[in-house]
Amino acid sequence: MPVTIGALRESTPLETRVSVVPEVAGKLTQSGARVLLERGAGVRAQFPDSAYKNVEWADSPTSVLEQADVVLTVQPLTVDQISLLKASAVVVGFMQPHARRAEVKALQERGITSFAMELIPRISRAQSMDALSSQAAIAGYKAVLIAADHLQKFMPMLTTAAGTIRPSQVLVIGAGVAGLQAIATARRLGAVVEAYDVRSATKEQVKSLGAKFVDTGVSAEGAGGYARELTDEEKRKQLEVLDSRIAAADAVVTTASVPGRPAPKIVSRAAVERMRPGSVVVDIAAEQGGNCELTRVGEIVEHQGVKVIGPVNLPGDLAYNASEMYARNLLNFLKPALDKGELKIDWDDEVFAKSVLTHAGQIKHEPTAKALGATIGGIT
Ligand code: NAD
């Protein structure tokens, strides 16, 4: 029997993306798998059912969940959805292990094998599977467009018969994947861009995109190429320099995050109060608690004439491309395990070994297991 790979019409409100796009469905069926989709799965991402070839359709999510050997998902499955899975099922997708404890527990208790896209190691070989990066790049791009949309100024310098218009000043805080894309987008729009990150390795990357690096004298490289949390003294030093750059900016795009921790607070209320009326803060980290003290998730807070925007699910605003990229990430992850229509996971492969969240009744990701008070076992 060929492996059945299922995907749902995402049930989370505001989720417009789909985990399987027609191109990827075609590649999965070519590899010998049976692809089973809930009707309308791709519609909100502009992939109508008619765009999918050689797939089978289910009229309900229950029917997909009960039949699938592998479920590919964008958002974590709910506890109710998990209860419908086969005990031998494999789930691959974003799992939000830090936040979705009940769901992780349900996966563990049902003995489901789940792989979290967030946990895929960031090694060269796994770049094609790196969904954090593909989706972060979209968020960085879209955040600048939102800033441009809310500003009552041009981004570029314009020389017109009515005089010269000065370019907008954009400050990007956090120069990881989202931040670098934000810088590139703001530069393409003609803004003068400054950027800041606690990882000194970003300095050259920022400069190569034509932006100025703001040096606060604080360097905080953590494990695995990520940032670590700052000490109170480092935070104070950072803000001393940053606050004046925030005050000078027309638009601030914040993207700073530290894995497994709430987003660092970098833009204070006082800093916003120093900004010119009409300025904009777009806080990409809103869903992780926000980099700005005034951010409210899903809202635009207007404070003394400054708009602080806390967008939700930015990749979902570009659902077509976001789904294409995400579905390819999933395909690249799954491909090595698909052998003539059968699923065979090589547990010696570090990509599978490090991204597994639950397997055979155990939580395999140490920080998640600790947070849930569970013991961690070796992979069986
Ligand atoms: P992220 O989303 O965890 O964080 C975004 C940025 O915020 C990071 O650059 C981080 O340094 C920065 N940051 C954290 N605290 C800050 C603070 N207090 N002030 C200012 N900035 C702060 O990071 P990410 O974008 O997912 O990428 C992080 C790292 O992973 C980078 O080194 C990136 O190059 C690397 N990476 C490697 C691969 C790969 O090799 N396959 C793929 C993607 C990313």
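Summary table
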{"read-out": "Euclidean distance of C-alpha centroids, the stretch 107-146 and the stretch 230-282, integer Å", "value": "26"}
{"read-out": "Relative contact order for the stretch 221-380, counting Cα pairs under 8 Å that sit 6 or more residues apart, in percent", "value": "13"}
{"read-out": "Whole-angstrom gap from the stretch 188-219 to the stretch 155-181, using each part's C-alpha centre", "value": "14"}
{"read-out": "Of all accessible heavy-atom area on the stretch 279-380, the percent that carbon and sulfur account for (1.4 Å)", "value": "46"}
{"read-out": "DSSP bridge pairs, the stretch 242-380: antiparallel proportion in percent, nearest 5", "value": "50"}
{"read-out": "Considering only the chain, percent of DSSP beta bridges that pair antiparallel, nearest 5", "value": "25"}
{"read-out": "Segment Ile165-Lys237, length gained on full extension (0.36 nm per residue, minus Cα span)", "value": "22.5 nm"}
{"read-out": "Bridge type composition, the stretch 166-272 - antiparallel percent by DSSP, nearest 5", "value": "10"}
{"read-out": "Whole-number accessible area per residue in Å² for the stretch 72-112, which is evaluated in the context of all protein chains at 1.4 Å", "value": "39"}
{"read-out": "Cα→Cβ-extended label distance, 7 Å offset, between Asp59 and Glu109, nm", "value": "3.1"}
{"read-out": "Heavy-atom accessible surface of the stretch 9-82: percent carbon and sulfur, 1.4 Å", "value": "50"}
{"read-out": "Highest to lowest packing among 324-335, 289-300, 232-243, scored as the average C-beta count within 10 Å", "value": "324-335, 289-300, 232-243"}
{"read-out": "Förster radius 41 Å - calculated FRET efficiency between Lys207 and Gln30, Cβ distance, rounded to 0.05", "value": "0.40"}
{"read-out": "Mean-position separation - Cα centroids, the stretch 283-313 and the stretch 14-88, in angstrom", "value": "33"}
{"read-out": "Computed lengthening from Asp348 to Phe154, 0.36 nm per intervening residue step minus Cα-Cα distance", "value": "64.5 nm"}
{"read-out": "Helix-only mean residue ellipticity at 222 nm for the chain, each DSSP H run of n ≥ 4 adding -39500 (n - 2.57), per residue, nearest 500", "value": "-9500 deg cm²/dmol"}
{"read-out": "Reachable aspartates and glutamates, given that their alpha-carbon falls under 18 Å from the alpha-carbon of Lys370 and they are not under 8 places away in the same chain", "value": "Glu103, Glu109, Glu118"}
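The values are calculated or read from the model by the stated rules, or taken from the named source; none is laboratory data. Every value quoted in this text rests on a predicted model; they were computed, and no experiment measured them. FYI the Cβ positions are ideal-geometry reconstructions off the backbone, even for glycines, and counts take in every protein chain you see. SASA here: full protein model, heavy atoms, side chains in, ligands and nucleic acids out. Shrake-Rupley method; radii C 1.70, N 1.55, O 1.52, S 1.80 Å.
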